[in-house]
1. Of all residues in the stretch 111-137, count the ones that are open to solvent by 40 Å² or more (accessible area, probe 1.4 Å) and either closer than 18 Å to Thr17 by Cβ or not assigned by TED's automatic domain parsing to the domain that holds Glu169 (or both).
2. Across the stretch 1-46, what is the number of residues that are at positive phi and either touching a helix residue (DSSP H, G or I) at 6+ places or on another chain (Cβ under 6 Å) or within 16 Å of ligand 2 (Cβ to nearest atom) (or both)?
3. Looking at the structure I just gave you, is His297 open to solvent by 10 Å² or more (accessible area, probe 1.4 Å), assigned by TED's automatic domain parsing to the domain that holds Trp393 and within 16 Å of ligand 1 (Cβ to nearest atom)?
4. It is to be established whether one or more residues within the stretch 413-436 are closer than 25 Å to Ile480 by Cα, assigned by TED's automatic domain parsing to the domain that holds Ala343, touching a Lys or Arg at 6+ places or on another chain (Cβ under 6 Å) and of a type in the set (Gly, Ala, Ser).
5. With the condition kept exactly as written, say whether any residue in the stretch 370-377 is within 16 Å of ligand 1 (Cβ to nearest atom), closer than 25 Å to Asp401 by Cβ and open to solvent by less than 60 Å² (accessible area, probe 1.4 Å).
6. If a residue has to be under 16 Å from Pro222 (Cβ atoms) and away from ligand 1 (no atom under 14 Å from the Cβ) to count, how many in the stretch 169-200 make the cut?
7. So the check is Cβ under 7 Å with 6+ separation or different chains; which pairs have a first residue in the stretch 189-215 that's closer than 18 Å to Ala105 by Cβ and a second one that's part of a helix (DSSP H, G or I) and among the aromatic types (Phe, Trp, Tyr)?
8. Can you tell me which residue within the stretch 348-359, out of those that are more than 13 Å from Gly283 (Cβ to Cβ) and small (Gly, Ala, Ser), is farthest from ligand 1 (Cβ to nearest atom)?
Amino acid sequence: MTTNLTSLIKQRGPIRTIGVFGMGYVGIPAALLFANAPGTEHVYGFQRDSPTSGYKIAMLNRGESPLKGEEPGLGDLLKKVVSAGTFSCTPDFSKVAGCDAVTLAIQTPFRDKKDLLPDFTPLIEGIRNVGRHLTPGTLVVLESTITPGTTAGMAREILEAESGLVAGEDFALAHAPERVMVGRLLRNIREHDRCVGGIDEVSTRRAVELYSRVLTTGQVIPMTATAAEVTKTAENTFRDLQIAAINQLALYCEAMGINVYDVRAGVASLKGEGITRAVLWPGAGVGGHCLTKDTYHLERGVQQLGPDDLDYPTGRESLYTLARGINDFMPVHMLRLTESALAQAGKTLEGAKIALLGWAFINDSDDARNTPSEPFYEMARAAGAEVRVHDPWVDPATAPDVPAGLSRDLEGVLEGADAVVVFAGHKEYRGLVPARVRELCGCAHPAIIDGRNVVNPDVWIDAGFAYRGIGRGDKNRHIIEKMAL
Ligand SMILES: NC(=O)C1=CN([C@@H]2O[C@H](COP(=O)(O)OP(=O)(O)OC[C@H]3O[C@@H](n4cnc5c(N)ncnc54)[C@H](O)[C@@H]3O)[C@@H](O)[C@H]2O)C=CC1
Ligand SMILES: CC(=O)N[C@@H]1[C@@H](OP(=O)(O)OP(=O)(O)OC[C@H]2O[C@@H](n3ccc(=O)[nH]c3=O)[C@H](O)[C@@H]2O)O[C@H](C(=O)O)[C@@H](O)[C@@H]1O
């Protein structure tokens, strides 16, 4: 069926000029790969000149990356496309008018951690700016993680209102969620399969044309815009669910006095013939900006798109939000394990000195977004404990929302501690020496609470520690070897 949009796209020919809104972890690698792809004449990196991020504009145009941490290949690619003149960064959104395709990779954080609602303000501002300069025949693609229904709903309405054009008639509109991981941004975009969903067939086809040019081993998987939104939120919901399943099993194993890692090895040994189990790892909780929010995007999507059509067991909570609840319970459980270990050494949380090891939400990383260490920190202090935090990766000078007293001096944090609580599986903690730690703690029976299975229980129990570990029902009831300091 030849629609007005089909002929508009035909008149435009292949996509040559591209705009990418949001020069962040997602937008920058995406823009550089588009700029480096055959057939691309120019890519505009659209970046608002905000107080916090405006500096990126000049930095990127100098060929310097504003992204923290190692990103293999990104620096060289940036220099290449800047010197080739196929990429430039600008706050001048009027250049949208000259683009054949515009993508938006703008942040969509929680508005407030308590209400778990997304703050779409920055994204809406970006969509509005695209609409103001939108010309017929252009493809618009949302890459941000959004609530299912947003592309065909709110985004479409704003674009049409600002441009006076009609989506699906005058311009193409799609969603193509990002699956990148910091530390492997370029590789992930090239190699991961890419779900690409248009509000209609013509939009999907144009979006497939855009993304096919940057994929190497990845395949494009076409679908509808809403299906693409659900795919992104569901893939992280499922990961959160898998983590909750092993966390619940860890709690059960503690109650039954067995070692969850024996059970995990047993279950994981079921292999092949489609009967394999995806058993993940129990731990002190789930942080990050993906798994902590994407479940709620999915839940809001079904509530907004299909409230009257959803058939679900009456009065039962969603399995997915229940999983979120179990994962968010793990820092509470860590506090209870700490309390139990302190009690075994004749102490209480009140007045105890706690060394919290690990502020980052993930091993060997400086990323502390929505870290599970934070609720533990707050609860322990509320219970009257003094908590000092160590993290070898998180920089107290630059990381947001760091606790008072976050230090990189491990021995200093351990000095005088009644309890040592491991929240991140940083490699530094796998080498802790019990005798040295006990000497630094300066008491006969310090507590060690292992949230990431980084210490050997027997070695620490033999050294006089009151040990507790997530899922270690076989060790958590040990007796203390009475010994003088
Ligand atoms: N960072 C990651 O590893 C992943 C992120 N995502 C999703 O991708 C989206 C972007 O995330 P990040 O790149 O991490 O965010 P980011 O915060 O690193 O980058 C966003 C950029 O957009 C800019 N910006 C904000 N409002 C703007 C506007 N109105 N016009 C132009 N620029 C604007 C910001 O100044 C910033 O430079 C989010 O929805 C996130 O959930 C998805 C998968 C992985
Ligand atoms: C593009 C994108 O959204 N990728 C997601 C991202 O997740 P994220 O960066 O949040 O790291 P993650 O490995 O999922 O870990 C999230 C949180 O869950 C905890 N975690 C993770 C795995 C596990 O078995 N047990 C566990 O407790 C981690 O400690 C962390 O606190 O990266 C994951 C990945 O590394 O593959 C990926 O599966 C996720 O879908």
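1. The qualifying residues number 3.
2. Of the residues in that region, 1 qualify.
3. Judged against the criteria, His297 is not a match.
4. Scanning the stretch 413-436 turns up at least one residue that is closer than 25 Å to Ile480 by Cα, assigned by TED's automatic domain parsing to the domain that holds Ala343, touching a Lys or Arg at 6+ places or on another chain (Cβ under 6 Å) and of a type in the set (Gly, Ala, Ser).
5. Scanning the stretch 370-377 turns up at least one residue that is within 16 Å of ligand 1 (Cβ to nearest atom), closer than 25 Å to Asp401 by Cβ and open to solvent by less than 60 Å² (accessible area, probe 1.4 Å).
6. Of the residues in that region, 9 qualify.
7. From residues that are closer than 18 Å to Ala105 by Cβ, the pairs are Arg194/Tyr211; Val196/Tyr211; Val214/Phe34.
8. The selected residue is Gly351.
The values are calculated or read from the model by the stated rules, or taken from the named source; none is laboratory data. Here the structure is a predicted model, which is why all the values come from computation and not from measurement. Cβ coordinates were reconstructed from backbone atoms using ideal geometry, including for glycine residues, and neighbour counts include every protein chain displayed. Surface accessibility is based on the protein's heavy atoms, side chains included, excluding ligands, DNA and RNA. Shrake-Rupley method; radii C 1.70, N 1.55, O 1.52, S 1.80 Å.
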